[in-house]
Amino acid sequence: MSGADPVCCGSGCTNCVLDVKPSKHTLPADVTNVFDRTYKPFVCETIAQVTGNVFRFRFRYVPSTVTERERVIVPPGCHLMLRTLRTHNPDGIGNHLLKAWREEASSVPNDTSAIAKKPMQKYDKAEDDLYFSRPYTPIAFDQEQGTFEVLIKLERGGAMSNYLTTLSVGSRTEWKGVYGDLLWKRNQHRNVVAFVQGVAIAPIYSTLRAILDDDDDETRLMLCACFRDLSNVLLREELHTLARYWNFKYAIYLSRRTCACVASPESCACIAKHHLRYNEPIHDRRLEPEEIERLLQRPLSDGKQSLLVLLCGTEPFTAFIKTSLQKLEIENCYTF
């Protein structure tokens, strides 16, 4: 994106997260979206730790003047930008959960060489150098209450992570958006199969949830979510609840074995001892190419043009999935 563009986040992204066409998401004539690509004030309402380094935040819009037309609306799969001052105080009080995480993270020696490889650069000369921004995708929002929720993975030594650990309930933050170019039309595909990795589940979860919330959308949905181990599975309760829909199925794959038994991953039943819910489809093994191809065979039987594949994760992960897609000659693929 051009450095003169006023909507640039100033983070110097190689693939700019803001480099999209003007928003084509339409709203009712009597509704105005709070998010108009200028920074708006939001107060931190709740903070919950969901895994060792992933936290769930809820933020509430604080308007300068109240208007009945304004709504907090985040279209499926779209993300927002959070900004803060570069000179924020990392030793602020913060929420007790965040403070505990910060203290634990600070007790581990930093890899200074790794940090040096990721300087916090500023390419946008038109924006105030006092700020920097990062993108986050809401997993839920409430139009009437003016709130949205995000899952954020904290990174030891990360500039934004240092700022986030100083937040507490009532802290004031600044967000703008929305950004994203996925335009979903009801029943435009007969089948959608999604592959996600870790915290990258956020945009795909919000997309699938929006489809399921539409009673007139009969698209069949399949989600394959990959996590490191059972303790790092995100949105576990939410996915189990969505499985009640007739047109939604999911499977969770763990890259690290839960047990140390000699049985093969396919035959091992040790994970059943870890309080799995009824019919919870968690597999104590990595997602392999053969499994990917097997999962895609059923939707492919309805025709390649009726199938859409959604991907979100690291570059190695998406490249791994795309290898199978190329083998099956699947072209309808969208990567967040």
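Before moving on, here are some points about what is shown:
- Across the cross-link table entries Lys185/Lys249; Lys40/Lys176; Lys99/Lys153, which are compared at the Cα atoms, the separations over 18 Å belong to Lys185/Lys249.
- Distance between the 7 Å Cα→Cβ label points at Thr314 and Glu68: 5.2 nm.
- Whole-percent carbon and sulfur share, accessible surface of the stretch 118-237, 1.4 Å: 43
- Chain lengthening between Asp36 and Ser231 when straightened (0.36 nm per residue, less Cα-Cα): 66.4 nm
- For the stretch 188-245, the list of trypsin sites (Lys or Arg not before Pro) that fall in a loop by DSSP and count at most 15 other C-beta atoms within 10 angstrom reads Arg190, Arg228, Arg244.
- Gain on full stretching of the segment that runs from Glu45 to Tyr245 - 0.36 nm per residue minus C-alpha separation: 69.0 nm
- A simple spin-label model places the labels of Lys185 and Gln143 2.2 nm from each other, with each point 7 Å out along Cα-to-Cβ.
The values are calculated or read from the model by the stated rules, or taken from the named source; none is laboratory data. Just so it is clear, the model here is predicted, and its values are computed rather than measured. Every residue, glycine among them, receives a Cβ derived from its backbone with ideal geometry; neighbour counts consider all protein chains shown. Ligands, DNA and RNA are excluded from the accessible area calculation, which covers all protein heavy atoms including side chains. Shrake-Rupley method; radii C 1.70, N 1.55, O 1.52, S 1.80 Å.
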